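**Student:** Have a look at this one before I ask anything.
Read-outs: derived from the displayed coordinates by stated rules, not from any lab. Predicted, not measured: the structure shown is a model, and the values here were computed from it. When we count neighbours, we look across all protein chains shown, and the Cβ atoms used for this are built from the backbone with ideal geometry, even at glycine.
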Amino acid sequence: MSRFVILSGPSCVGTGPLYSALRKFYPHLAGRLQQIVLYNSRDPRPGEQEGVDYYFRPRARIEELSKKPGFTSAIVRGDLQAVEIASIKKILDQDKDAFFEGNPFIPAKLSECKELQEIPTLKVFLSPLSQEEILFLKDPSQRTNLEELLPDIMRRKLLRRTKRQKINLSLKDLENIEKRVASAVVELREAWKFDYVIPNHDGEDSEHWDAFYYPIGDARKALLAFAALLQGEIPPGVEYWEKDFVPEPDQS
């Protein structure tokens, strides 16, 4: 039976290279996945292709689409993204698994669509920190603020990734990084809505994905875990997060 497979997490956590590794080392699993293509108001990154990675459109055009029946949209790290529900159903009707790889805000919107609520789903969240690490950091005795630490972790990853794509970073690049950094904790709070959480410290900035041909380190563990979940197995190391596991900031 066809299903909707979702692989999500904060920006630069590694969902992109994980999917690339799946296509390379598990082509029989990746072959069942057909990626849905979203509309996006931002400019293409180096290497991204129109109609493959996104449909790149002006923000005003996507706002128009968002108002039409059969479309849903969300603000994603400052950009406006939208998806046509019919494109998902078309994939499922072809006996393929519809596949979404990216931010957790679009899946949250899609879960509200009545047309998709009866479709089997597999929702996997890639986290830059493990459950044990977050519990440790939440301990008051550690005097650590997750609201400050996680953005610093993701900022370093994003800076390294962007420097690999471009030699010199522009002011626009730095502003974009800060938007994504600011969204990291908010996105981590979405993890409890997913079936499984895979901890992964090897983000998109890591050479562990492809520098040695085979993934190593956490990149390898994440690949093995995701492949197992696609085959209906529950591998060691995957986690289940409760609601409010990542708390809202203290307003006092």
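**Student:** Please compute the Kirkwood hydrodynamic radius of region 123-239 from all pairs of different C-alpha atoms, in Å with one decimal. Write down the numbers at each step before the final one.
**Tutor:** On the way: mean 1/r = 0.0639 Å⁻¹.
For region 123-239, the Kirkwood estimate is 15.6 Å.
**Student:** Provide the FRET efficiency to the nearest 0.05 for the residue 59-residue 164 pair, computing r from the beta carbons and using R0 = 30 Å. Could you put the intermediate results ahead of the total?
**Tutor:** Details: r = 28 Å, r/R0 = 0.92.
Efficiency at R0 = 30 Å is approximately 0.65.
**Student:** May I ask you to list the chymotrypsin sites (Phe, Trp or Tyr not before Pro) in region 92-181 that are in a DSSP loop and have at most 14 other Cβ atoms within 10 Å of their Cβ? Don't skip to the end; give the middle numbers.
**Tutor:** Numbers: sites: 99, 100, 105, 125, 136; in loops: none.
Loop-located and lightly packed - none at all.
**Student:** Once R0 is set to 45 Å, what does the formula 1/(1 + (r/R0)^6) return for the Cβ-Cβ distance between residue 37 and residue 216, expressed as a FRET efficiency to the nearest 0.05?
**Tutor:** Details: r = 31 Å, r/R0 = 0.69.
The formula returns an efficiency of 0.90 here.
**Student:** Can you pull out the trypsin sites (Lys or Arg not before Pro) in region 104-159 that DSSP calls coil and that have at most 10 other Cβ atoms within 10 Å?
**Tutor:** Sites meeting the loop and neighbour criteria: 143.
**Student:** Antiparallel as a % of all DSSP beta bridges within the chain, to the nearest 5? Before the final figure, lay out the partial values.
**Tutor:** Values: 9 of 30 bridges.
So the antiparallel bridges amount to about 30 percent of the total.
**Student:** Of the chain, which part is the longest with no GluC sites (Glu not before Pro) in a loop (DSSP not H, G, I, E, B) and with at most 12 other C-beta atoms within 10 angstrom?
**Tutor:** Values: sites that count: 112, 118, 233, 242.
Looking at the chain, 119-232 is the longest stretch - no exposed GluC sites (Glu not before Pro) with at most 12 other Cβ atoms within 10 Å.
**Student:** Out of the chymotrypsin sites (Phe, Trp or Tyr not before Pro) in region 1-66, which ones are loop residues according to DSSP with at most 16 other C-beta atoms within 10 Å?
**Tutor:** Listed in order of number, the matching sites amount to none.
**Student:** For region 21-27, what does the Karplus curve 6.51 cos²θ - 1.76 cosθ + 1.60, with θ = phi - 60°, yield as ³J(HN,Hα) per residue in whole Hz, taken in order and with x for Gly and Pro?
**Tutor:** 3J(HN,Hα) across region 21-27, in whole Hz: 5, 4, 5, 7, 9, 10, x.
**Student:** Can you list residues from other chains, or at least 5 along the same chain, whose modelled amide H is less than 5 Å from the amide H of residue 38?
**Tutor:** Result for residue 38 returns 55.
**Student:** Related question: Which values, in whole Å and largest first, are the semi-axes of the equivalent ellipsoid of region 70-160 obtained as the square root of 5 times each eigenvalue of the Cα gyration tensor?
**Tutor:** That gives 34, 16, 12 Å for the three semi-axes.
**Student:** Once you have the Cα-Cα distance between residue 112 and residue 132, take 0.36 nm times their residue separation minus that, and quote the gain in nm to one decimal. All intermediate terms of the calculation are to be shown ahead of the outcome.
**Tutor:** On the way: separation 20, 0.36 × 20 = 7.20 nm, distance 3.11 nm.
Length gained, residue 112 through residue 132: 4.1 nm.
**Student:** Tell me whether the chain comes out rounded, prolate or oblate; compute the Cα gyration tensor, take square roots of the eigenvalues as a ≥ b ≥ c, and use a/c under 1.5 as the rounded threshold.
**Tutor:** rounded
**Student:** Would you kindly give the portion of the calculated P(r) for region 1-79 that falls above 17 Å, as a percent of all Cα pairs?
**Tutor:** 58 percent
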